[in-house]
Amino acid sequence: MSNPYVPILVLMTVAAVLALGGVGASAIIGPKRYNRAKLEAYECGIDPTPHAIGGGRFPIKYYLVAMTFIVFDIEVVFMYPWAVAFDALAMFGVVAMLTFLVLITVPFVYEWRRGGFEWD
């Protein structure tokens, strides 16, 4: 009888070899044409400065997009197992998911009011 963790260790080893192999291959095979723009730090399309432009507020648009992604990712992560075990959870599961959906609506409404869904 073999150890039940052997397939997991094999999968982790294969993943590590592929990841390190890809990084190594790109370092060896990839082009090495650097220019000034490639060597600068990327700041989400905004020129990097020590302070916010004009000393004012920093645009919140980028953080709102990240927050939306995280909120909806978490929602899917919790709703998928709920949908799979819907029959076994009965009324408790329905109430718990409705409570979760009400709570997840708060950041959605916040971002909507902040203009996170208005793309320029």
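Where a number appears in this text, it was derived from the coordinates with a stated rule and is not lab data. Since the structure is predicted, the reported quantities are computational estimates derived from the model, not experimental observations. A quick note on method: Cβ atoms are made from the backbone with ideal geometry, for glycine too, and the neighbour counts reach across all protein chains shown.
With 10 angstrom as the radius, rank ARG33, ARG114 by how many other C-beta atoms surround their C-beta, starting from the fewest. Please report the intermediate quantities before stating the final value.
On the way: ARG33 6, ARG114 14.
Final ranking by Cβ density, sparse to dense: ARG33, ARG114.
How far apart, in nm, are the 7 Å Cα→Cβ label points at LEU98 and TYR63?
Spacing of the two 7 Å Cα→Cβ label points: 3.5 nm.
For a Förster distance of 35 Å, can you work out the FRET efficiency between the beta-carbons of VAL14 and ARG113, rounded to the nearest 0.05? Could you put the intermediate results ahead of the total?
Numbers: r = 47 Å, r/R0 = 1.34.
Rounded to the nearest 0.05, the efficiency is 0.15.
How do MET79, MET91, MET67, MET12 line up, fewest other C-beta atoms within 10 Å first?
So the ranking, lowest neighbour count to highest, is MET91, MET12, MET79, MET67.
Largest first and in whole Å, give the semi-axes of segment 58-114's equivalent ellipsoid, each being the square root of 5 times a Cα gyration tensor eigenvalue.
29, 12, 5
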